[in-house]
1. When you look at Phe73, is it open to solvent by 70 Å² or more (accessible area, probe 1.4 Å) and either in contact with a Pro (Cβ under 7 Å, 6 or more places away or on another chain) or assigned to a helix (DSSP H, G or I) (or both), yes or no?
2. Among the listed residues Thr36, Thr69, Thr47, which satisfies the condition of being touching an Asp or Glu at 6+ places or on another chain (Cβ under 7 Å) and of a type in the set (Val, Ile, Thr)?
3. Does Arg155 satisfy the condition of being of a type outside the set (Val, Ile, Thr), touching a residue at least 60 places away in the same chain (Cβ under 8 Å), under 22 Å from Gly198 (Cβ atoms) and surrounded by 14 or more Cβ atoms within 10 Å (Cβ to Cβ)?
4. Do the conditions hold for Thr69, that is, is it at pLDDT below 95 and not hydrophobic (A, V, I, L, M, F, W, C)?
5. Taking the range 89-107, which residues are closer than 30 Å to Asn13 by Cα and over 19 Å from the mean Cα position of the chain (by Cα)?
6. Keeping to the range 175-198, report how many residues are open to solvent by less than 30 Å² (accessible area, probe 1.4 Å) and in a helix (DSSP H, G or I).
7. Among the residues in the range 194-211, are any out of contact with any His (no Cβ under 8 Å at 6 or more places or on another chain) and at pLDDT below 70?
8. Taking into account only those residues within the range 94-117 that are of a type outside the set (A, V, I, L, M, F, W, C) and in contact with a Leu (Cβ under 8 Å, 6 or more places away or on another chain), which is least open to solvent (accessible area, probe 1.4 Å)?
Amino acid sequence: MENLVFIIGVIGNIISVLMFLSPVGTFRRIVKNQSTEDFDSLPYICTLLNSALWTYYGLIKPGSYLVSTVNGFGVIVEIVYVALFLLFANPKMRKKTAILSGVLNVGILATTLLYAQFLLHGETRINVIGFLSTCLNIVMYSSPLGVLTTVVTTRSVEYMPFLLSFFLFLNGGVWTLYAVLVADWFLGVPNGMGWLLGAVQLVIYAIYRNPSSSKVAIVEDLEQGSQTEPLLPPSSIQ
């Protein structure tokens, strides 16, 4: 049983590393174009806070070193992502990223860790951090859905990275299995929801992944509009 738990944990670590690295292509594009375009920083800000709390959780809970190691790696990667947003985002997105990072990844994180370290003890500390990590994990898994409006409006998944959604789906599934084996519901509940939310994101991606279909649909909309509201003849345009 212990061997199985270890193997599943290692697989979870590998998939989590791939999940953390999945946006590399997106950030290569950002650096190349010197712009974050319409990409949103919220998923990376949430993931940074989430990874930091899970790292602490893995350190304070006996036998959870596999949780702390992979999330420690995630902290480093997400700091790089957020820094690139601060460097290449337009003024509005840069301001949003700076404010959210300051509030979530500095203010709330520091307050939580200091409070837990010096005012909480034993199982109480583990339970409080586990509960907070669970809530944030759910937010992290659902944060890519924030671009859903853009996807539906443009009928394009250009700003909804497939690899991120795919590895969120795999990551949620493997860590749910791990949580069941070790009877850790703080891990199980958010990752189970993450598995479901990842599936939803993949369905959305499948619906809107075909650019040609999107173009055809847009052309049809324009044609329908031209039938209901005829264009003025060239001589009438002032």
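1. In short, yes.
2. It is Thr47.
3. yes
4. Taking the combined requirement at face value, the residue satisfies it.
5. Gly107
6. Residues that pass the stated criteria total 10.
7. Within the range 194-211 (the criterion being out of contact with any His (no Cβ under 8 Å at 6 or more places or on another chain) and at pLDDT below 70), the answer is yes, since at least one residue qualifies.
8. Thr97
The values are calculated or read from the model by the stated rules, or taken from the named source; none is laboratory data. Keep in mind that this is a model prediction, so the values were computed, not measured. Note: ideal-geometry Cβ built from the backbone for every residue, glycine included; neighbour counts use all protein chains shown. With ligands, DNA and RNA removed, areas are computed over all heavy atoms of the protein, side chains included. Shrake-Rupley method; radii C 1.70, N 1.55, O 1.52, S 1.80 Å.
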